[in-house]
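A short write-up of the structure that comes next.
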Amino acid sequence: MIRLDLWLTLATGEKLRAAELAFGDADFQGRYASAFRYTPDYLADARAFALDPAALPLSEQEFHGKQLDTPLLALEDALPDDWGRRLLILCHSLPRGCQSEPYLLQALAGNGLGALGFYPPGQTPGGEANAASLLELQALLDAAQRLEQEVGNPGNAVIDDTTRSLLAAGSSPGGARPKALVYDGTGQWIAKFPSRSDDVDMVGLEAASLELARLAGLEVPDFRLVELDHNRRVLLVKRFDLNPLNSINMRGRLHMLSFRALLQASGYYVLRYFDLIAALRQHGAQPEQDVPRMFRQMVFNALLGNTDDHLKNFCLLADASGYRLSPAFDLLPDTGDRREHVLLFDLTPLPPSPAELAALGRKWGVSGAAAICQEVEAAVLRFSEVAADNKVPANEITRFAEDIARRCRTERQP
Ligand SMILES: Nc1ncnc2c1ncn2[C@@H]1O[C@H](COP(=O)(O)OP(=O)(O)OP(=O)(O)O)[C@@H](O)[C@H]1O
Ligand SMILES: [Mg+2]
């Protein structure tokens, strides 16, 4: 049995002991029971809000689940995915029997993205030490590339000082690709590295996609490309889960909740963009702004070819005044030639034409849908120019520009 206290860091930097967690021992299949209960002090606090408005409403009841599946997906959100989990295990030298989520939460402590921290009962949260200096970027990238080769065989990994620094800086952000947290005088950034398995310039393409998204009227975090030796580049994206008014000491946090958690989707799911819009209408603090924002993001994804539109690539940020749609992130053209999107547009995973997208917006009651489609299309058609500015190789520009032009054509070839 593992017991943990869940601490919530508010936008002001104050920390509240929000809930108590208990996890049973795993059976031979790795299944374990989980329980969650808000603390009486938290429930009595005027600053309290539900950590998942659908699955964990503020109440005295005890919530039960299996592993970190529903209703506890908000806790799963706090954990990194593939890349970060491997680093967390290496960093804390967790043996095979101690690599399940409760152990990972305990190892993560207060170093995850978002506002949740996990500590043994009775322990007060300490300072976080999860980011490296931007000056170490080159060494971090070298260590990341070394580890990418070695994590398949962790026994062989050489853990020197730089690797240790990468393990600390890289083990909190989610996502599958190599990344780390770095700080400079303006705050904290997520550094997204090239991967050894990339067959296109993912870093340049992601920077170009963020630039296009900004031109298309989407809110995106600050970002910039950093050039390192051997023609390698790293994309820096400013963290949006830290209170910008508090960014120098980096203490104030915003709670992040993915749409995967909010929609209680686990494993294989078949959900539609409309489900995200309906959830914003039901749980959001400002649906009149966030529904058109989500629709704009859907149109952008459809026309750019951002087919990896899974539910962890959309999230909400919360404080006591409610849940709002986060800035857009993890945007790329269709680098895997998948054509089909993860989320359905109405009934199909294939991207509708701009005219069909506008019709969907009207059907769903999205204000200004036709204008949004026109604005996004005009921006996305500037792909070649923006990608060239971001030094994406010419053959890749041609390949993705053709795909985008096809997506923007109203009359489709079968
Ligand atoms: N600017 C940001 N500020 C705070 N959190 C962020 C930011 N960008 C991304 N995140 C969080 O980090 C996670 C990983 O980021 P991202 O999706 O960009 O990585 P990825 O490795 O490309 O993902 P994927 O596994 O979807 O390919 C996201 O799911 C989100 O929770
Ligand atoms: Mg992602």
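Descriptive notes on the structure:
- Counted over the stretch 132-222, the DSSP beta bridges are approximately 75% antiparallel.
- Backbone HN-Hα couplings from phi across the stretch 168-182 [Karplus 6.51/-1.76/1.60, Hz, Gly and Pro as x]: 6, 7, x, 8, 9, x, x, x, 8, 8, x, 7, 7, 9, 10
- Span per principal axis, largest first, for the Cα atoms of the stretch 72-208 (Å): 46, 37, 30
- A simple spin-label model places the labels of GLU340 and GLN123 4.4 nm from each other, with each point 7 Å out along Cα-to-Cβ.
- Three-way shape label, the stretch 132-238, alpha-carbon gyration tensor, a/c 1.5: prolate
- Fraction in percent of alpha-carbon pairs per bin - 5 Å, the stretch 3-47: 5, 20, 22, 18, 12, 9, 7, 5, 1
- Expressed in Å, the radius of gyration and Dmax of the Cα atoms of the stretch 255-408 are 15.5, 49.
- Simple spin-label estimate for ARG281 and ASP69 gives 3.0 nm between the two label positions (7 Å along the Cα-to-Cβ direction from each Cα).
- Inter-label distance for ARG196 and ALA394, nm, one decimal - labels placed 7 Å from Cα along Cα-to-Cβ: 3.2 nm
- Taking N as the residue count of the chain, its C-alpha radius of gyration divided by 2.2 N^0.38 Å amounts to 0.98.
- Among ALA387, LEU72, GLY170 the positive-end extreme of the charge dipole of the chain (Cβ point charges): LEU72
- Near ARG339: Cβ cut-off under 11 Å, other residues only, Lys/Arg at +1 and Asp/Glu at -1. The net charge is -1.
- In order along the stretch 309-319, phi translates into HN-Hα couplings of 8, 7, 5, 7, 8, 9, 8, 10, 10, 9, 9 Hz, rounded to whole numbers, per the Karplus curve 6.51 cos²θ - 1.76 cosθ + 1.60 with θ = phi - 60° and x for Gly and Pro.
- Equivalent ellipsoid semi-axes, the stretch 182-339, via Cα gyration tensor eigenvalues times 5, rooted, Å: 26, 22, 14
- The translational diffusion coefficient of the stretch 2-119, from Stokes-Einstein at 25 °C and 0.890 mPa s with a Kirkwood hydrodynamic radius over alpha carbon pairs, comes to 167 µm²/s.
- Taking each residue as 0.36 nm, the span from LEU225 to ARG96 lengthens on full extension beyond its C-alpha to C-alpha distance by 42.7 nm.
- Placing +1 on the Cβ of every Lys and Arg and -1 on the Cβ of every Asp and Glu, with no other charges, gives the stretch 132-238 a dipole of roughly 200 debye about its Cα centre.
- Cβ-Cβ FRET estimate between ASP25 and ARG272, R0 fixed at 51 Å, reported to 0.05: 0.85
- Length released on extending from ARG362 to ILE159, taking residue separation times 0.36 nm less the Cα-Cα span: 67.5 nm
- Charged side chains reduced to their Cβ positions (Lys and Arg at +1, Asp and Glu at -1) give the chain a dipole of some 320 debye around its Cα centre.
- Extension gain, LEU58 back to SER133 (0.36 nm per residue minus Cα-Cα distance, nm): 23.1 nm
None of the figures in this text is laboratory data; all of them are computed from the coordinates on show. As the structure is a computational prediction, the values presented were derived from the model and not from experiment. As a convention, Cβ positions derive from the backbone with ideal geometry for all residues, glycine included, and neighbour counts pool all protein chains shown.
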